[in-house]
Structures are given as structure tokens and as C-alpha cells.
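To keep things clear, I will list the structure first and then write my remarks on it.
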Amino acid sequence: MDAILLLILLAQNVIIKKLKSIVLFGNGFNKLLASLVRNYPEVNKPKDLKTDLATISNNINDVAGLWERFKDAFPKIKRSHPNLCDEQILCLLNELSNEEFFKEVIPKDKIEELAGRVDTARKNSLREVASDFKRFEDISGNKVIRKLFPCFGIGFDNMLNYNEVEELFICTTNYDGILDTLLTSPVRINGTNFIYPDCFGRSNIEGHLKLNEYMLRNVKRCMVHLHGSYKFTKRGSSTYKLTGDIFNEEPVLVFNNPFLKEKEILEDQVLSIYYRALTERLKGYNRLVIIGNSFRNEPHLKELISQHFNRIGTEVIVCSLNPEEVANELKDCYQKEIFQFTTKSIENEKQLIDLLYHLFMPDIMNSNLCLNNRGLVA
């Protein structure tokens, strides 16, 4: 019996020593960053920073709210139903055009016209959103973030090394480049400041980068935009990443009826590859960390977790302003205990790095920041 117990403990230790993690960043992380900028000490503010902190914070909050642009297409619905998010409005409109009751009294061509107009409004809104993200970059929004948090990327990477995280697959469901900017190094390595590659490389089209699938499969740590990016563009049947000042005529941004998201992802050349990479890592990795994503409108991601991660030897950690709400969203797709962390008391970069350290501790139950350990989770 003692020998069996020893083998079990050794096996657990191997898992701990070889932590393989997936991290899902959502829009709540951008809002947290805006709060950190608002609380940034004036005495520590870089001298060459020409914009005041309140304006920078507001700009980041504006970026965090850009995905709500669809309300401009249907302002009356938004005013009458303020509790509906924009993707839920799309869902409602889609369902109306498929409801048998309406099909009985409205001619088919009129229903198809309505569906077409809704989709046109959605695509027009996304084109405007991509332009606004680019505008944020053009006013040095990303450079400002890098100046305010120059050591965040290195601190994050050192934290992973200290916790012996062997492999890391970072996914963001945001379209902006704020997280990319934070995860940079002050020193260029292999011609770039970005610490974690998105696996795009050169193509034969000027100003367009092409996804390197071999790198994506084999790299130990990387970062992907799971729902697209303001820099992703469609060219024929392929998706590229734009560089420089090229205007994005056809941005690749997944913003739709939540139950159509997976279909939209799988129809895109790059996003479908990212999606399959996430699926494979869910099958083999042992920790899923969710930061600032409510999961209210992510049925496709819930299904992936249910199918491939709801198994022995895995851990789910949620970190947000109200982590109990996220845990409640996930309870039907993940039956084990969900470890919860809150961002309520985070006021500066040091506290944020410390919180992230606890999210990646080999033994999560030793974390004194985990709400489960403090008796705050039923």
C-alpha cells in the first residue's frame, strides 16, 4: 500500500513540475488595466508621457467598450432593453427570422431581407470597430501602455518560469492589441519585442503576414487572438495579419449570435486553426486559467471545456471582479471544484503580478488568495 501511495505522489509531483496551462483573457482584463492606470501614482509617471493618466484610462475603457458598437445600428432596442448585450440582440434578431410564428405571416423574401440587413449592419459596425482600434494604436495608445508598464511582460514570464510552467497557450477573445503590448520585452529578441509569438510570419504579399502552422503546433508558449483581431484581414479564402498603415477593408472579428460563433470561427482559415490548437491543448494540458471573461456568451468554449477538459488531473481557475458568476456559468461543463480569485483589491502592477503568480502556483490549494481556501466559496 505504501508503495502504491508513493507512486501516486510521484505522479502528482510530475504533473506539478510539468504544468501545462491555457489562459483565456477577456475584456474584464482591459477594464482592470484601465483601473490600474487611473490609480497610477503621479510621482512614478514617466516624464516623457505627454497624455494625462485620466485620458489614458478613459481611452483604454473606450477600447474595452468598442465591441458594443452594434448598439449604434439598433439604438431603440438597446435603450428599451439595457440588460441585453449586443450579441444577445443579434441572437434575438436571428431567432425572430427563424421563428415559425413569423414565417406564417411574413413572406419568406422579407424575412431573408431582414436577415441580410442585420448581417450588413453587423459587418459595417465591425469595419468601424477595426478602424477605431487602429486609431487607438495611431495615437500611441499601445506605446503609452508600454511606458506605464515596461516590466510587466518580463515579470509575467519570470513568474511562469518560477512556477515551472512548461507550456503556455494564451488565448484572448479581445480584438485589440493591449495584451500583446503588455507582454513585450524592453529588449528586442529575434527582431521583436513580443515575448510570445502569435505564429505569423512573412508571406509573398507586401504588408501581409501569413500564419505558420508548424510553429503553432510546436512552440512551447504562444499567444493567439481566438476571435480575431483588428489587424486580421480577409483576402480571398485566406486570412492575413496586416502590418503598417494598410486600411483593413474586411476585418476578421467574431461578433455574432453566440450560437453562431463556432460556425464563424470554423469558416475562417486562421481562426479555425487557432480553434483546433485550443482543442488539442485542452485534451493534453492540465490547467485552464480564465481572466476577465464572463463566459455568458461563449457556448462554443463551454462545449470545448465539457468535451475535452472535464476530466481527471485538470484544474479550472477563474479570476475576475465577480468570479462566482463565472464559476456558475461553468458549473454545467466542468464538474470538479472551480478555484476562484477576485480582482477587487488590485490597485497596482505589483499586486497584479502577485495575483497572477498565485493563479499559476503548482499547488493552487496553498494560495492564500484563493477564495475557496478562505471559506468564501460555497
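The values are calculated or read from the model by the stated rules, or taken from the named source; none is laboratory data. Remember, it's a predicted structure, so these values are computed and weren't measured experimentally. Using ideal geometry, Cβ is built from the backbone for each residue, glycine included, and neighbour counts are taken over all protein chains shown. Ligands, DNA and RNA are excluded from the accessible area calculation, which covers all protein heavy atoms including side chains. Shrake-Rupley method; radii C 1.70, N 1.55, O 1.52, S 1.80 Å.
Classify segment 175-303 from the C-alpha gyration tensor, please: rounded if a/c falls under 1.5, else prolate or oblate depending on whether a/b exceeds b/c.
On the way: a/c = 1.57, a/b = 1.17, b/c = 1.34.
Oblate shape, in that a/c is at least 1.5 and b/c is the bigger or equal ratio.
Decide, for segment 119-182, between rounded, prolate and oblate: order the square roots of the alpha carbon gyration tensor eigenvalues as a ≥ b ≥ c, take rounded if a/c falls under 1.5, and otherwise choose prolate if a/b is larger than b/c, else oblate. Don't jump to the answer; show the numbers that get you there.
Working: a/c = 6.65, a/b = 1.75, b/c = 3.79.
It comes out oblate by the Cα gyration axes.
When the Karplus curve 6.51 cos²θ - 1.76 cosθ + 1.60 is applied with θ = phi - 60°, which whole-Hz ³J(HN,Hα) does each residue of segment 230-244 get, with x for Gly and Pro?
Karplus values, whole Hz, x for Gly and Pro: 5, 8, 7, 9, 8, 9, x, 8, 9, 10, 10, 10, 7, 10, x.
Over segment 221-378, how many pairs of lysines fall under 18 Å by alpha carbon, counting only those 8 or more apart in sequence or from different chains?
9
With r as the distance between the Cβ atoms of Asn124 and Asp363 and R0 = 51 Å, compute the FRET efficiency 1/(1 + (r/R0)^6) and round to 0.05. Each step should come with its number before you reach the end.
Numbers: r = 50 Å, r/R0 = 0.98.
That gives a FRET efficiency of 0.55.
Using the Cα atoms of segment 287-378, I'd like the radius of gyration and the largest Cα-Cα distance, Dmax, both in angstrom.
12.8, 37
Taking 8 Å as the Cα distance limit and 6 or more residues as the minimum spacing, I'd like the relative contact order of segment 285-378 as a percentage.
RCO, segment 285-378: 26 percent.
Expected output is a single nm value to one decimal: the length gained when fully extending between Ile312 and Asp332, i.e. 0.36 nm times separation in residues minus the C-alpha distance. What is it?
Values: separation 20, 0.36 × 20 = 7.20 nm, distance 1.60 nm.
Length gained, Ile312 through Asp332: 5.6 nm.
Using protein chains only and a probe of 1.4 angstrom, how many square angstrom of Thr233 are accessible, to the nearest 10?
Roughly 10 Å² of Thr233 is accessible to a 1.4 Å probe.
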